[in-house]
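Note sheet for the following structure.
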């Protein structure tokens, strides 16, 4: 009887369990091998994608934006996605694709954006922003790819397409996957909310996976668990109704540039605090314990200053650099212009002066609240002698993912597998306003598994993305699918 | 005996005095008739001159500047000047010409400038800045010529060329005349000082006659007896050594735009006084009597505000608009730029921010003193976290002409003849730094007999010059030559 049972067990083991185990272990190895073998081709394909100047902020690049959507759709199809579609929106199209293997299994929705920031100031680029070049750097001895969008976000969402391709070719995709790659992230994802609302069913998912953030550094990989929100306004101060000669009128009329500077100058006090009335009313009070924990990520002011050539740091009193860029809200002028800006000297009092001002928000501030408070405050401090116009641009909610959530744990484990070291949670200062939107419309949390570095110069001239970051990302993603599926079972 | 004496007197009268008197009276009439008969041609010639885009601030217009010098030289020659020469300088050439009728007679040196301000913002022009158009306006029912340089200063120096032509053709030039028409006034007359020094003999004169200012208005013609000086600097604030993402870095680094705004915002206090240390140390204290006198020129705040579409006036406490724009120094930002200024929203902390800042000076401030004080003060208020660069541009001394000087009296009388009403002295807020230079190098006073209006929109889009101002100027000039020669005899 014992012998019989043993025989049955052996047969069962050989016929059922062993092949299953075997297949699983063998397949992930195979997947990782597939990735290794196709590295060069993956890079070449990314280079082609980076050549498309898909700048969403400037209507002059409309055609390039559409070309880029087409290219993304082609890649999705080739990788093995079904239902690939270039979905029209009131703005730039959103590329969709999916692979449903079993409706009972969990579904991962991969989000990315194929649009990029404008390239200016163009004269500061060492090679063309849309002529990708691979060069070695101190931080990237194995090479980095220089091009607008290389890190933000083409190089990062493209890792998901290639990881998906690898999983499909080696037949190990463990759950369902959907993709939405949009074309308006750099201008506030204006069409995305409507698209999500109209396609709730189609986009139904358990988690959203996004690579559009950075690691703390190569030695200390991190998963981003917090993002700041955004409030963005454009202001216009009008003095006289036409440009005036500063000699004939100077002294008697409000100069809109002087006035604007005075107004902006008063927005931050000498302790680095923002003076907009009620600005801090709803700011999350982070516990001392959490502050201690977060400051374990070593804050090296000297290295930080050196990296960006700063003479000195500046910020809100009583907070470390890490805190100032994550758990504290900010106010920055992103652009200012008015009067004569050409060569030489022109003695003019311009009619108007302009500025673009953005505020980064933390939990539990909302863009509606802060934009409203800013508008009221700015109107209040404007002298009677000028006309003021404040135009709100897009905004975004701040976001936090708890560090005991399965979404975080799967990402942490996946990256630990790829990097071979401990991965920590990290609250970033940037904004991906759509994380709050996804939660609201699709009821799912976002995992911010980004592979960039703070030195990538995103939004700046000479943006680049390390080749090893690119490959580490492609390697990590199949593990995320595996661990997430296991944790959800 | 009586009879004999009577005969001698009669013969003398007929032979000597009558022809003299006759000739004089008849000639000035003839001159004024000549002007009337040639009005249309004068205008057509001016239109041709205004078509040449002689912008001195922008090297792209180098050829147009040279073309314009050639055109001026041709006009001088055709009008009857001798020794006409396009004098090379380290910068743009200076056009010279003269008519010496008798070395014992006084010499008037006519100064003007053929260069013009840049035309931008070009999109605000209703017709091309270098495509002159004559249009009627409310203030100019007889028409005004719209073009860059029409009032400042082509339309004004051209009056002298045409008045000279008229005096030559009708043979009444009563003294010697020299012309220097330069091409760098709008960029600080950088080559003029050297030219004057090197050509002291050639330019020797008793008075300098300049038309580059405005009348108080058409109802109240004035001669400008005061000008403000100028100190002009360009400032650059550098934070990080490259543009940064405002999310990732915002809060921890000095944003050069915020810093520049804060610095500029602190330069004028809430009483409208300039906070640069020692700024008012040498400012002329104008007597109460003179202030009462100057305020007789009716200061109509409502009309002033309406004319330039202002919501409200703004300036130093305790002074009228007329005083704020003449006897008080000022500080105006003439241009500011930094960060993203294109369409849409870009979340960037720029590496640098820039501004062009000018100060109008009054007697007895000097540009060296004020520029020095500004540089020191600006460095002092810059936070340690940023790098600061301050580059002084050209400067100019303030100028005053006493209202009992023969130079002023000749101009007053000449204009009273042409306008048929009382002409008052007027201190202007603008700067013609070369007036101080002329006095220093050539030892002669300048007479500022300008025919523009404050509504001419000089340095602005849609600059124009009234046709009646143009003709009144041509009519007045021969009278100035006559009265000045008589007063100096």
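Scanning the range A:112-161 for residues that are more than 14 Å from chain B (Cβ to nearest Cβ), within 17 Å of residue A:48 (Cβ to Cβ), over 15 Å from the mean Cα position of the chain (by Cα) and part of a loop (DSSP other than H, G, I, E, B) gives A:127, A:128, A:130, A:131, A:132, A:147.
State whether the residues of the range B:339-346 include one that is within 13 Å of another protein chain (Cβ to nearest Cβ), at positive phi, over 34 Å from the mean Cα position of the chain (by Cα) and in contact (Cβ under 8 Å) with a residue 40 or more places away in the chain. If you could, list the steps in order and put the result at the bottom.
So in the range B:339-346, the residues within 13 Å of another protein chain (Cβ to nearest Cβ) come out as B:339-346.
Applying the additional criterion that residues be at positive phi yields B:339, B:344.
Remaining after also requiring over 34 Å from the mean Cα position of the chain (by Cα): B:339, B:344.
Subset that is in contact (Cβ under 8 Å) with a residue 40 or more places away in the chain: B:339.
Scanning the range B:339-346 turns up at least one residue that is within 13 Å of another protein chain (Cβ to nearest Cβ), at positive phi, over 34 Å from the mean Cα position of the chain (by Cα) and in contact (Cβ under 8 Å) with a residue 40 or more places away in the chain.
Against the definition (within 14 Å of chain B (Cβ to nearest Cβ), surrounded by fewer than 24 Cβ atoms within 10 Å (Cβ to Cβ) and either under 16 Å from the mean Cα position of the chain (by Cα) or over 19 Å from residue A:153 (Cβ atoms) (or both)), how does residue A:437 come out, yes or no? No, not satisfied. Only a single item in (1) in contact with a strand residue (DSSP E or B) (Cβ under 6 Å, 6 or more places away or on another chain); (2) farther than 30 Å from residue B:117 by Cα; (3) within 13 Å of chain B (Cβ to nearest Cβ) is not met by residue A:225, and it is number (3). Would you point out the residue of the range B:312-338, among those that are facing chain A (nearest Cβ under 7 Å) and in a strand (DSSP E or B), that is surrounded by the most Cβ atoms within 10 Å (Cβ to Cβ)? That would be B:336.
A quick yes/no check of all residues on (1) within 7 Å of chain B (Cβ to nearest Cβ); (2) in contact with a strand residue (DSSP E or B) (Cβ under 7 Å, 6 or more places away or on another chain); (3) in a strand (DSSP E or B); (4) closer than 11 Å to residue A:350 by Cβ:
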site	(1), (2), (3), (4)
A:231	no, yes, yes, no
A:234	no, yes, yes, no
A:251	yes, yes, no, no
A:257	yes, yes, no, yes
A:260	no, yes, no, yes
A:264	yes, yes, no, no
A:272	no, no, no, no
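Scanning the range B:36-50 for residues that are in contact (Cβ under 8 Å) with a residue 60 or more places away in the chain, closer than 16 Å to residue B:78 by Cβ and over 23 Å from the mean Cα position of the chain (by Cα) yields one hit, B:38. For residue A:356, the stated conditions do not hold, so it cannot be described as more than 8 Å from chain B (Cβ to nearest Cβ), within 33 Å of the chain's Cα centre (by Cα) and either modelled with pLDDT of 95 or more or not in a loop (DSSP other than H, G, I, E, B) (or both). Restricting the range B:438-476 to residues that are in contact with a strand residue (DSSP E or B) (Cβ under 8 Å, 6 or more places away or on another chain) and assigned to a helix (DSSP H, G or I) leaves a set whose member that is nearest to residue B:143 (Cα to Cα) is B:467. Residues considered: B:392, B:398, B:363. Of these, the only one that is more than 9 Å from chain A (Cβ to nearest Cβ), in contact with a helix residue (DSSP H, G or I) (Cβ under 6 Å, 6 or more places away or on another chain) and more than 30 Å from residue A:190 (Cα to Cα) is B:392. Pairing residues of the range A:80-101 that are surrounded by 14 or more Cβ atoms within 10 Å (Cβ to Cβ) with residues that are at pLDDT below 95, at Cβ distances under 7 Å and at least 6 apart in sequence or on separate chains, gives A:91/A:190. If you check residue A:444 against the conditions, is it away from every other protein chain (no Cβ under 14 Å), surrounded by 18 or more Cβ atoms within 10 Å (Cβ to Cβ) and within 22 Å of the chain's Cα centre (by Cα)? In short, yes. Taking the criterion of being outside any loop (DSSP other than H, G, I, E, B) and either more than 15 Å from the chain's Cα centre (by Cα) or within 14 Å of chain B (Cβ to nearest Cβ) (or both), the residues of the range A:176-191 that qualify are A:176, A:177, A:178, A:179, A:185, A:186, A:187.
Looking at (1) at pLDDT below 95; (2) within 12 Å of chain B (Cβ to nearest Cβ), which is the only condition residue A:220 fails? So the condition that residue A:220 fails would be (2).
For the range A:196-211, check the following and say yes or no: at least one residue is assigned to a helix (DSSP H, G or I), surrounded by 24 or more Cβ atoms within 10 Å (Cβ to Cβ) and touching a residue at least 12 places away in the same chain (Cβ under 8 Å). Write out each step before concluding.
Pass one, the range A:196-211, residues assigned to a helix (DSSP H, G or I): A:196-198.
Next, from what is left, pick out any that are surrounded by 24 or more Cβ atoms within 10 Å (Cβ to Cβ): none.
No: the range A:196-211 contains no residue that is assigned to a helix (DSSP H, G or I), surrounded by 24 or more Cβ atoms within 10 Å (Cβ to Cβ) and touching a residue at least 12 places away in the same chain (Cβ under 8 Å).
The set of residues in the range B:289-311 that are part of a helix (DSSP H, G or I), under 26 Å from residue A:383 (Cα atoms) and touching a helix residue (DSSP H, G or I) at 6+ places or on another chain (Cβ under 7 Å) comprises B:301, B:304, B:307.
Okay, residues lined up against (1) surrounded by fewer than 23 Cβ atoms within 10 Å (Cβ to Cβ); (2) at pLDDT 95 or above:
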| site | (1), (2) |
| --- | --- |
| A:419 | yes, yes |
| A:429 | no, no |
| A:454 | yes, no |
| A:472 | yes, yes |
| A:477 | no, yes |
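In the range A:236-249, of all residues being touching a strand residue (DSSP E or B) at 6+ places or on another chain (Cβ under 8 Å) and farther than 21 Å from residue A:356 by Cβ, the one that is surrounded by the most Cβ atoms within 10 Å (Cβ to Cβ) corresponds to A:246. With respect to (1) surrounded by fewer than 23 Cβ atoms within 10 Å (Cβ to Cβ); (2) modelled with pLDDT under 95; (3) closer than 25 Å to residue B:393 by Cβ, the lone exception for residue B:272 is condition (2). When B:417, B:482, B:389, B:380 are checked against the criterion of being part of a helix (DSSP H, G or I), more than 22 Å from the chain's Cα centre (by Cα) and over 25 Å from residue B:162 (Cα atoms), B:380 stands alone in meeting it.
The values are calculated or read from the model by the stated rules, or taken from the named source; none is laboratory data. What you see is a predicted model, and the numbers here were worked out from it, not measured in a lab. Glycine also receives a Cβ, built like all others from the backbone with ideal geometry; neighbour counts cover every protein chain displayed.
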